[in-house]
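See structure below.
The values are calculated or read from the model by the stated rules, or taken from the named source; none is laboratory data. Everything quoted here is computed from the prediction, not taken from an experiment. Virtual Cβ from ideal backbone geometry, glycine too; neighbours counted across all protein chains shown. Heavy atoms of the whole protein, side chains included, go into the accessibility calculation; ligands, DNA and RNA do not. Shrake-Rupley method; radii C 1.70, N 1.55, O 1.52, S 1.80 Å.
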Amino acid sequence: MILIIDSVVHMRKTNNLVSAFVALIVLASCSSASDSTSDPTSTNESIIETTSDSVVAELPVIAVTYSVIGDIVSQLVGDRANVKVVVPDGQDPHEFQPSAKDIEIINNAALVVSNGLEFEEGLEEVLESITDSGGNNFMVGEHITVRKIEDGGEHGGEVADDHGDKHVGGDPHLWLSPATMLEMLPSLTSALSEATGADLSAEATILTTKLQNLDQEVELIINNLGECNLVSGHDELGYFADQYGCKVIGAIIPSFTTTSEATAGELADLKKLIQQYKVPAIFTGLGTSQDVADQLASELGVKAVTLSTHYLDGAANYQEFILKMVNQIAEALG
Amino acid sequence: MFIEPFVDNEFLRLALAGGVLVALTCAVAGTFVVLRGLAFVGDALAHGVLPGIATALIFGVSGIIGAAFGSLIMMAGVSLVSRRFRLSGDTAIGLLFVGMLALGVMITSRSRTFVGDLSRILFGELLGVTSRDLISQVCALMIVIAIAIIARRPFLLLSVDEGLASSSGFSVRLFHNLMLTMIAVTVVASFQTVGTLLVLGMLIAPAATGALFARRISTMMIVAAVVGSFSTYVGLLVSYHFDLAAGASIVLTAVFIFAVAATYTEIIKTIKTKQSNEHEHQHSHSGAHIR
């Protein structure tokens, strides 16, 4: 009797094990099945094929990782595509973690436009899977001259020298220089034409003119300043400074990303540099501790100015976004 | 090398002052945390305040108010769950802990402003301490010391044995909650300086070191205060000279001091028992000799 009960119990246990095992296998097969069905290229191609035949054309979706590039894409495609920005205006693209819906949008997009220089750290895996599965991912960083920090060198000496180790890879903050955007515009236009199946050359010409004007305007504003020494939250103003004759003195977080932290040694070094170059303002923004910036500014008797550099922050378009930033810089340094 | 960084930089002086105040507050509260085994509840409180802080920062209210609300909900929740549903205390704590933590992450992940930045709540902004922060830190220290003095007898009895406390006529529930409040005040006030994740280190490591050496609660607190303050100083120097995150450097120093102290006491203990063994051995030997 006891033996029977014992064996029943054992059987139950093994049954439980077996069922758990089965459940796991089912789960595993389910997830692999969903992987294959969510293959972005196949679904998209089928959508495009059916829509091109039918009269009511469904707009292709272009997923852009963040709002600044998102606006440039919007200006190029107009109403020929549905541009979806993944990281909402106002959030830190360095640290943004996607929701399931965000991943769905990226997976199902006809084209994904991303920064490509390890900028969207939270989206890295999703973007990688797009590239691995042969999907379309336009990486802006592949179509520009990437700024890299060399040992010591031109970027204000000490900070770059001592803390070069935090600067891994290339500088992703390419959008802060309109000239850099002009550089990648032709490749972006052709990628977008391909994805939407529309001729975008007229839009590209218009936008090129706009960006050229913007470029000149920024140059004029900065030239009027005389001296343009920049101290920022993290190392974000490099492209801008290189292009328009400014000098990056240092940053509170001397890193290309906001996920690093400020240290006492780096702050003390920065303090010396600010005094040495008589920099009148510290520019902070997303990902930098406002308290640390305020404290440093009050200790030095300089201004701490909040600058929007990573998202449109309500600006109507890219041009306005850049002008607002440049005017803020000019006002603080002038 | 050891002093100039603080002479030259106001932000380091403020960080040192803020850190020492945290160390003192944590020495008092932490001693009871260690004696009464409340480390898990302390951890839970430290994380439970997260959604409160995040919400407060998003709405532009002082983070301390949000943190206070968070810890209140946490404490009320723990006592409700453990009382009503016959679940053990640590299950209740664990439930609320992860619940509040997840809520905090959810709120910060969808906030449209950068002020609700998660990592800054978790790791603090020791290098951005202002004189205003110091004032609230001093207030917290006063409150914690006041609670510890007023309730020193029941706290002592509670730390030894709950039964002893209730047979001496103290309400276990009341003073347990008061002790939690004391820990909550410490956590809430310290989040600005070392962050909610690292405050636990300051709560436990120095007090545990104190418990190694001292038998009296007051001595334990003094040892903890000295260890905590010294860790703050060393941690800031490490952060200065080796470019490492300040809060983490301080907590790691405190844990390291505990490890060194624990090794030291172990060695002393072994030597002592050896000596006493030898002593006894000699005794019996000489006794035999006489015989």
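Observations on the model:
- Placing pseudo-labels 7 Å out from each Cα toward the beta carbon at B:Ser166 and A:Asn213 gives an inter-label distance of 8.1 nm.
- Across the stretch A:245-334, the relative contact order, built from alpha-carbon pairs under 8 Å that are at least six residues apart, equals 24 percent.
- Relative to the longest principal axis of the Cα atoms of chain B, helix B:10-36 runs at roughly 60 degrees.
- R0 of 35 Å, Cβ-Cβ distance A:Ser99-A:Ser201: FRET efficiency to nearest 0.05: 0.45
- A 1.4 Å probe, protein heavy atoms only, puts the accessible area of B:Ile149 near 100 Å².
- Within the stretch A:259-282, the residues that become at least 30 Å² less accessible when every protein chain is included than when their own chain is isolated (1.4 Å probe; DNA, RNA and ligands ignored) are A:Glu261, A:Thr263, A:Ala264, A:Gly265, A:Leu267, A:Ala268, A:Lys271.
- Whole-number Å³ per residue for the convex hull built on Cα positions in the stretch A:216-257: 62
- Cα-based helix-to-principal-axis angle, B:246-290 vs chain B, degrees rounded to 10: 10
- With the cut-off at under 19 Å, measuring from each backbone N in the stretch A:63-81 to a point 7 Å along the Cα-to-Cβ line of A:Ser190 picks out A:73, A:76-77.
- Accessible area of B:Thr270 (1.4 Å probe, protein heavy atoms only, ligands and nucleic acids ignored): about 80 Å².
- Geometric extent, Cα atoms of the stretch A:176-243 - Rg, Dmax (angstrom): 15.2, 47
- In the structure shown, the pairs A:Lys210/A:Lys303; A:Lys84/A:Lys247; A:Lys247/A:Lys271 are assessed against 26 Å; a Cα-Cα span above that value is assigned to A:Lys210/A:Lys303; A:Lys84/A:Lys247.
- The distance between label points at A:Glu118 and B:Leu134 comes to 3.9 nm (points 7 Å beyond Cα on the Cα→Cβ vector).
- In the full protein context, chain B carries 49 Å² of accessible surface per residue, based on a 1.4 Å probe and ignoring ligands, DNA and RNA.
- Cα-based helix-to-principal-axis angle, B:195-213 vs chain B, degrees rounded to 10: 10
- Extension gain, A:Glu142 to A:Glu125, is 4.3 nm, computed as 0.36 nm per intervening residue step minus the present C-alpha separation.
- B:Thr263 accessible area, 1.4 Å probe, all protein chains in place, Å² to nearest 10: 80
- Calculated FRET efficiency for the pair B:Phe256/B:Leu174, C-beta based, R₀ 56 Å, to 0.05: 0.90
- Seen from all directions on average, the stretch B:1-142 presents a Cα convex hull projection of 10.2 nm².
- 10 Å beta-carbon shell around A:Lys271, net charge (K/R +1, D/E -1): -4
- The largest accessible area among B:Val129, B:Val138 belongs to the first residue in B:Val138, B:Val129, and the rest follow in falling order (1.4 Å probe, all chains).
- Full extension of the chain between B:Glu10 and B:Val105 gives 30.9 nm of extra length, using 0.36 nm per residue less the Cα-Cα distance.
- Chain B: relative contact order in percent, alpha carbon pairs under 8 Å with at least 6 residues between: 27
- Counting only the Cα atoms, chain B fills a convex hull of 170 Å³ per residue.
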